[in-house]
Amino acid sequence: MNQNVKDDVIQKVKELINAPSCCADAKEAAQNWLDAIGTDKEKEQAKNLIAELEMDIMPVDGLIAFAESRAGAQVFGADKAKDVAAHGRSIKEAGAKYCDCAACAAVAEILEKKDAILS
């Protein structure tokens, strides 16, 4: 991967780690990749990172369904869950494929460079 792309991906991975909505498994995979850059483990950790991010990114339909569920109400609170579901419908209507929280936004940008990361 060329240095400009690598620098962009490193920045997005750091944003992911710092995102309040980033889960522990994604943070760990992201940090492991950062720690492996320039070592013989970089490719292995890149594969692990991409696999984790592909599992974690929330499709917008999943966001809406979760927000409208009992579990969503427990996580967000009843009123906030309704707002999250409405927001999800709004971004879906605008063409979004994924949740637009800080973590998912960073993941989407990282996955756009998946081929470069894995090469």
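The values are calculated or read from the model by the stated rules, or taken from the named source; none is laboratory data. What you see is a predicted model; the values in this text were computed from it and never measured. Cβ: placed from backbone, ideal geometry, glycine included. Neighbour counts: every protein chain shown. These area figures cover heavy atoms from the full protein model, side chains too; ligands, DNA and RNA do not enter into them. Shrake-Rupley method; radii C 1.70, N 1.55, O 1.52, S 1.80 Å.
Summed over region 51-86, the residues that are touching a residue at least 40 places away in the same chain (Cβ under 8 Å) and not aliphatic (A, V, I, L, M) give a count of 3. A Cβ distance below 6 Å, combined with a sequence gap of six or more or placement on separate chains, defines the contacts here; from region 87-102, residues that are closer than 11 Å to residue 64 by Cβ reach residues that are surrounded by 15 or more Cβ atoms within 10 Å (Cβ to Cβ) and not hydrophobic (A, V, I, L, M, F, W, C) in the pairs 91/100.
Taking the criterion of being open to solvent by less than 70 Å² (accessible area, probe 1.4 Å) and touching a residue at least 60 places away in the same chain (Cβ under 8 Å), the residues of region 7-31 that qualify are 9, 12, 13, 16, 19, 21, 22, 23, 26. Every condition in (1) of a type outside the set (S, T, N, Q); (2) open to solvent by 80 Å² or more (accessible area, probe 1.4 Å); (3) under 25 Å from residue 88 (Cβ atoms) is met by residue 65 except one, and the failing one is (2). Listed by position, the helices (runs of 4 or more DSSP H) inside region 77-119 whose residues that are open to solvent by 60 Å² or more (accessible area, probe 1.4 Å) number at least 3 are 78-93, 114-118.
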